[in-house]
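What follows draws every value from the coordinates through simple rules; no lab data is involved. Computed from a prediction, not measured in an experiment: that's the story for all the values here. Because the Cβ atoms are built from the backbone with ideal geometry, glycine has one as well, and the counts that use them run over all protein chains shown.
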Amino acid sequence: MLTVNHCTATLEHIVAATLASSRGVSANELLAELAEGSDNLREGGAALDSLDQLTVAREVAEFFELEKTGAEELLLRRNRLQQWSELIVEYLNDGTLDKVWFRSGGTTGKPKLLPQPVGRLTSETQEISRVVAGTRRIIALVPLHHIYGFIWGPLLSSEMNLPLIHGPAAIHAIHQGLRSGDLVLGVPEWWRYLERGHKRLPEGVRGVTSTAPCPSGLIRGLVENGLTSMIEVYGSSETGGIGWREEAGSGYQLFAHWKKHDDERLESQTGSLCSLPDLVDWQTDRLLKPVRRRDDAVQVGGTNVWPEQVRSFIEGHPKVRACAVRPTDTDVGIRLKAYIVPKDMADKQITSELRLWLKSSLPAAERPVQLTVGEDLPRNSMGKLNDW
């Protein structure tokens, strides 16, 4: 199911995501240090101290549900990621570990741990391997410990016995090292970045996009620049992959392990029911098109963000009287913007102070990039909020 090497790649992303904030660096910087150092967690530029290792071991144990094995403590005795991977893969192969746990939500939202049965993940990966037959390498521009990256990265690479290029090496590959047979995993922001570069892509490169809708015009632009095709994946942390399509604007074809139960729910092969994350238009019992989200979340860089919860957070600042937050389309994709009503309009430092506070308090996806200050929130004659 998962090779030791591809499990180690996943662990590197868990380490980087867990420690990046406390070290004041990006996850990609830590991934680069992990790649340059030895396999020993206590050595190299990313060296972990005993408290770091305790924190990371907790995250890894949670991700793979290692409590079931009784061997969780071994992560604290072994300092090499490959040793951790060997332990995990052994228990995956003998069926002791039968779920992988993914986190959804953000800092201002309500992060949840969501289990995905290994059998469902395996079924999806086997189906994907037939869809992308002929792939020679997988280039992952997405985190491998998020469900999209994990399925299409480590699991698919293991299933197809393919090299997996990830982290800084993947960024280098898309600029200088793409070749025929590559399958590139991205999100709409990455694809927008590549399309705006107007660089001709080598023949035979295919793309995959997920986490948020990818505009059809953007896909057309990429194809004009040489991309062979784009696979769009529809799903969520709660469901895993729901469906896929290669023709922009068409319906998503359900993965084989799902079937329609009713207009709002899917039924798995085991008979369990799962609510769809969006209101959808069923074109047939096997084809659906999302219409809009049910929970008012928006996706920024592949991360679920709740504007209302960001608004509430900002209104907690002692100098803010009222706030409104909305998504806005930018050159790099969807971001948030905020309209701020300060308690003191004479405070000339309010904007710069809030920017510094938000930078230190919120992750990038939840941080408004545009701040507008005014005496009152913009409203129409009916009292409803206007855009600004």
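In region 293-388, which GluC sites (Glu not before Pro) are in a loop and have at most 13 other Cβ atoms within 10 Å, using DSSP for the loop call?
On the way: sites: 308, 315, 353, 366, 375; in loops: 375.
Of the GluC sites (Glu not before Pro), the ones in loops of region 293-388 whose Cβ has at most 13 other Cβ atoms within 10 Å are 375.
Distant-in-sequence amide contacts of residue 184, defined by a placed amide H-H separation under 5 Å and a gap of 5 or more residues or a different chain, comprise 139, 206, 207, 208.
For the cross-link pairs 359/384; 68/99; 319/348; 99/289; 259/289, the ones whose C-alpha atoms lie over 20 Å apart are 359/384; 99/289. By the Stokes-Einstein formula, at 1.306 mPa s and 10 °C, the chain with its Kirkwood radius over alpha-carbon pairs has D equal to 71 µm²/s.
With contacts taken as Cα pairs under 8 Å and at least 6 residues apart, the chain reaches a relative contact order of 11 percent. Whole Å is fine, so just give me how far the alpha carbon centre of region 332-388 lies from that of region 5-37. Cα centroid to Cα centroid, the span is 32 Å. Using the rule -39500 (n - 2.57) for each DSSP H run of four or more residues, divided by the residues of the chain, the 222 nm mean residue ellipticity is -9500 deg cm²/dmol.
Using the Kirkwood radius over C-alpha pairs as Rh, can you work out the diffusion coefficient of region 141-257 via Stokes-Einstein at 37 °C, viscosity 0.692 mPa s, in µm² per second?
Numbers: Rh = 14.5 Å.
Reported coefficient: 226 µm²/s.
Taking label points 7 Å from Cα along the Cα-to-Cβ direction, residue 40 and residue 247 give a separation of 5.8 nm. Between the residues 71, 37, 22, the greatest Cα displacement towards the positive end of the dipole of region 1-109, with unit charges on the Cβ of Lys, Arg, Asp and Glu, is found for 22.
Only Lys, Arg, Asp and Glu carry charge here, each on its Cβ (+1 for the first two, -1 for the last two); on that basis region 266-319 has a dipole of about 180 debye about its Cα centre. Beta bridges from DSSP with both residues in region 306-373: antiparallel share about 70 percent, rounded to the nearest 5.
Taking the Cα centre of region 1-97 as the origin, how large is its charge dipole in debye, to the nearest 20, when only Lys and Arg (+1) and Asp and Glu (-1) carry charge on their Cβ atoms?
Details: 7 positive and 17 negative charges, 17 e Å.
Using only the charged Cβ atoms, the result is roughly 80 debye.
Between residue 262 and residue 283, residue separation times 0.36 nm minus the direct Cα-Cα distance comes to 6.3 nm.
If you count, for each residue, the other Cβ atoms within 10 Å and average over each peptide, how do 33-44, 153-164 line up from highest to lowest?
Values: 33-44: 16.2, 153-164: 20.8.
Packing proxy ranking, top to bottom: 153-164, 33-44.
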